[in-house]
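A quick write-up on the structure given underneath.
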Ligand SMILES: CC(=O)SCCNC(=O)CCNC(=O)[C@H](O)C(C)(C)COP(=O)(O)OP(=O)(O)OC[C@H]1O[C@@H](n2cnc3c(N)ncnc32)[C@H](O)[C@@H]1OP(=O)(O)O
Ligand SMILES: N[C@@H](CCO)C(=O)O
């Protein structure tokens, strides 16, 4: 697998919405820019759209961070489908977020960027699709934060999306996940360069962001995976391989990501709750009348299988698949061949029948 560098591809396109965007929680963004990529061709009936929703540190470049999903006969097949992936609201890869200029102040939003929600991310994607003249999506698919967006698509726009495939996600962020996010954010706040989010250019809270990533990496993997890969072996001198692995991953994130963005996106994930302000959590799940294929990762310590089984229990036309791997939550990025096949089978099976019936 190619290492994901977080560079914005030159193939990235931009959609600008000059209308003010009101967030779910009432903040007003004067304008919104969306960075997006597409692959394949939109057919004459405009009914071959597959929407890919990114995970936490991803970008519009799904062919970078989820490369193995792109192949003839695989999940994302450019000869069949028109595949769209946009960078989420609040991120730092081209879509409006804390690193963007605030037109009202002329400086970066930084920590002034408002608290946003998964619903805001979906609303911004909806603006993009409308701007591209698309009003039907045959499949919305994504893992982790991407899975949350997929579920919100089902709740917000069931007339637009025709099938959903959320992976390694829940219908509402658990106390456990909120606690992990907060511990990571506290590592950033504790960095001497944090300066309440107004860190100087070239002096980000690097140690804090690296520590946050190291904590997160432990939750993206599993006891078994760390034990099998690193055991008690040393990397150099008295540094264990398990330590140097985390140092490496922490360093890599600091090179490609922004601390205020990390805070914005993890808070949005913590706000994830399909039931908020609606008729009730279970009712919302029951009301999703689309074919839904739920992928559960057996070794996931962040979103355990009970959470996907809960989704499957309440969403009427859902079924559940299990990815039986030792890798932990990030198995969706590692065993891509298997995941890709599962998506294609869904697309050509239950998802296709919903699509043809529409
Ligand atoms: C939406 C998104 O997910 S965005 C981005 C994709 N995800 C990420 O980048 C998250 C961070 N990366 C990863 O977790 C992984 O690289 C994955 C999930 C993408 C792939 O998993 P794996 O194939 O098992 O890769 P692995 O976890 O071994 O990481 C490989 C890297 O760790 C390094 N590494 C492995 N063991 C050690 C060690 N003991 N000490 C130091 N470095 C180590 C490798 O040299 C390699 O470095 P590179 O990425 O700079 O080439
Ligand atoms: N590893 C993912 C987050 C967890 O799925 C990312 O870096 O975006």
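Below is a table of values for the structure above.
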read-out	value
Relative exposure of 92, 53, 177, judged by other C-beta atoms within 10 Å (fewest first)	177, 92, 53
The range 140-218, relative contact order [Cα under 8 Å, separation at least 6], %	24 percent
Exposure proxy order (Cβ contacts within 10 Å, fewest to most) of 330, 270	270, 330
Three-way shape label, the range 177-269, alpha-carbon gyration tensor, a/c 1.5	oblate
Sorted by Cβ density within 10 Å, fewest first, the residues 271, 167	271, 167
Overall form of the range 65-213 per C-alpha gyration tensor (a/c, 1.5; a/b vs b/c)	prolate
Anisotropy class of the range 42-127 from Cα gyration tensor, a/c 1.5 cut	prolate
log₁₀ of I(q)/I(0) at q = 0.17, 0.19, 0.20 Å⁻¹ - the range 208-358, Debye sum with one point per alpha carbon	-1.14, -1.25, -1.29
Cα-Cα pairs of the chain separated by more than 39 Å (percent)	11 percent
Antiparallel DSSP beta bridges within the chain, percent to nearest 5	40 percent
Helix-only mean residue ellipticity at 222 nm for the chain, each DSSP H run of n ≥ 4 adding -39500 (n - 2.57), per residue, nearest 500	-11500 deg cm²/dmol
Length-normalised contact order of the range 1-115 in % [C-alpha pairs under 8 Å, at least 6 apart]	26 percent
The chain: most fluctuating residue of 160, 150, 292 per GNM, C-alpha cutoff 10 Å	160
Normalised contact order of the chain, rounded percent, pairs of Cα under 8 Å and 6 or more residues apart	18 percent
Between the range 26-80 and the range 86-161, the Cα center-to-center distance that results, in Å	12 Å
Residue with peak Gaussian network fluctuation, the chain [Cα springs, cutoff 10 Å], from 205, 111, 30	30
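Here, each number is a calculation from the coordinates, and none is a lab measurement. Fair warning: this is a prediction, and the values are worked out from it, not measured in the lab. As a convention, Cβ positions derive from the backbone with ideal geometry for all residues, glycine included, and neighbour counts pool all protein chains shown.
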